[in-house]
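Participant: Have a look at the structure that comes next, please.
The values are calculated or read from the model by the stated rules, or taken from the named source; none is laboratory data. Because the structure is predicted, anything quoted here is derived from the model rather than measured. All Cβ positions, even for glycine, are placed from backbone atoms using ideal geometry, and neighbour counts span all protein chains on display.
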Amino acid sequence: MNTILGIDIFGVIAYENIFPKKENYIVFNKKQVYTGLTWECVEFVRRWYIMNYHMSFEYIENAYDIWNISFVKHMLNNKIYPFISIINTNLCIPHIGDILVYRPTELNPYGHVAIVICIEDIFVYISEQNHGTWENPFFSRIIIPYNDPDVIGWKRIIYTK
């Protein structure tokens, strides 16, 4: 049985990480679509993008590898959108829907990713899987990105005509 950690304000469910890992799929546009390994952080981010933007990104080996992805693909019209990397500084904050990217550490050698779901001043509310328990049923935690040395930066879709 899958244990639910929370359901973010966009309606995406985060599950407790379980073993053994298996490939997860969701139904999108009447097709089975791969989201990732149960219930890793990348699986959550990809599922979030499919459910909210109808977009996905290529397979990556490690969470921090998302930093090097240069585009996302719209799953209904196959249009390609630039996917830019924004370095974490105190000069800017991420936008709702951006993907926070965490560097690999000794405790987390694969890095980590999370979705920005709300902004209040310098505070960033995120939703994520595979990072402990949720502080609130609607978000996992609140951070100040430039105060977290493990946040490399964030990924953002650039919408073009």
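Participant: Contact list please: Cβ distance under 6 Å, first residue in region 131-150 and free of Cβ contacts under 8 Å to residues at least 60 places away in the same chain and within 20 Å of V101 (Cβ to Cβ), second residue loosely packed, with under 13 Cβ neighbours inside 10 Å and of a type outside the set (S, T, N, Q), pairs at least six apart or on different chains.
Facilitator: R141/E135; I142/F123; I144/I122
Participant: Can you confirm whether L91 is among the aliphatic types (A, V, I, L, M), closer than 16 Å to W154 by Cβ and surrounded by fewer than 14 Cβ atoms within 10 Å (Cβ to Cβ)?
Facilitator: Values: among the aliphatic types (A, V, I, L, M): yes; closer than 16 Å to W154 by Cβ: yes; surrounded by fewer than 14 Cβ atoms within 10 Å (Cβ to Cβ): yes.
Yes, satisfied.
Participant: Kindly evaluate F28 against the criterion of being more than 27 Å from D148 (Cα to Cα), in contact with a helix residue (DSSP H, G or I) (Cβ under 6 Å, 6 or more places away or on another chain) and not charged (D, E, K, R).
Facilitator: Numbers: more than 27 Å from D148 (Cα to Cα): yes; in contact with a helix residue (DSSP H, G or I) (Cβ under 6 Å, 6 or more places away or on another chain): yes; not charged (D, E, K, R): yes.
Answer is yes for this residue.
Participant: Filter region 134-144 down to the residues that are modelled with pLDDT of 95 or more and not in a loop (DSSP other than H, G, I, E, B), then identify the one that is nearest to K79 (Cα to Cα).
Facilitator: Among residues in region 134-144 that are modelled with pLDDT of 95 or more and not in a loop (DSSP other than H, G, I, E, B), the one nearest to K79 (Cα to Cα) is F139.
Participant: Here is a further query. Would you confirm whether any residue within region 87-99 is under 23 Å from V151 (Cα atoms), without any contact (Cβ under 8 Å) to a residue 24 or more places away in the chain, in contact with a strand residue (DSSP E or B) (Cβ under 8 Å, 6 or more places away or on another chain) and of a type in the set (V, I, T)?
Facilitator: Step one: filter region 87-99 for residues under 23 Å from V151 (Cα atoms), giving 87-99.
Going one step further and asking which of them are without any contact (Cβ under 8 Å) to a residue 24 or more places away in the chain, we end up with 91-92, 96.
Add one more test, that the residue is in contact with a strand residue (DSSP E or B) (Cβ under 8 Å, 6 or more places away or on another chain), and what stays is 92, 96.
From what is left, the residues that are of a type in the set (V, I, T) are 96.
Checked region 87-99: at least one residue is under 23 Å from V151 (Cα atoms), without any contact (Cβ under 8 Å) to a residue 24 or more places away in the chain, in contact with a strand residue (DSSP E or B) (Cβ under 8 Å, 6 or more places away or on another chain) and of a type in the set (V, I, T).
Participant: Where residues in region 86-121 are aliphatic (A, V, I, L, M) and outside any strand (DSSP E or B), which of them is nearest to Y53 (Cα to Cα)?
Facilitator: Looking only at region 86-121, we keep the residues that are aliphatic (A, V, I, L, M), and these are 86-87, 91, 93, 96, 99-101, 107, 113-117, 119.
When the remaining residues are screened for being outside any strand (DSSP E or B), the result is 91, 93, 96, 107.
Details: L91: 27, I93: 21, I96: 12, L107: 32 Å.
Only one residue fits best here, namely I96.
Participant: Determine whether Y110 is free of Cβ contacts under 8 Å to residues at least 60 places away in the same chain, in contact with a His (Cβ under 9 Å, 6 or more places away or on another chain), surrounded by 15 or more Cβ atoms within 10 Å (Cβ to Cβ) and among the aromatic types (F, W, Y). If you could, list the steps in order and put the result at the bottom.
Facilitator: Working: free of Cβ contacts under 8 Å to residues at least 60 places away in the same chain: yes; in contact with a His (Cβ under 9 Å, 6 or more places away or on another chain): no; surrounded by 15 or more Cβ atoms within 10 Å (Cβ to Cβ): yes; among the aromatic types (F, W, Y): yes.
For Y110, the condition - free of Cβ contacts under 8 Å to residues at least 60 places away in the same chain, in contact with a His (Cβ under 9 Å, 6 or more places away or on another chain), surrounded by 15 or more Cβ atoms within 10 Å (Cβ to Cβ) and among the aromatic types (F, W, Y) - is not met.
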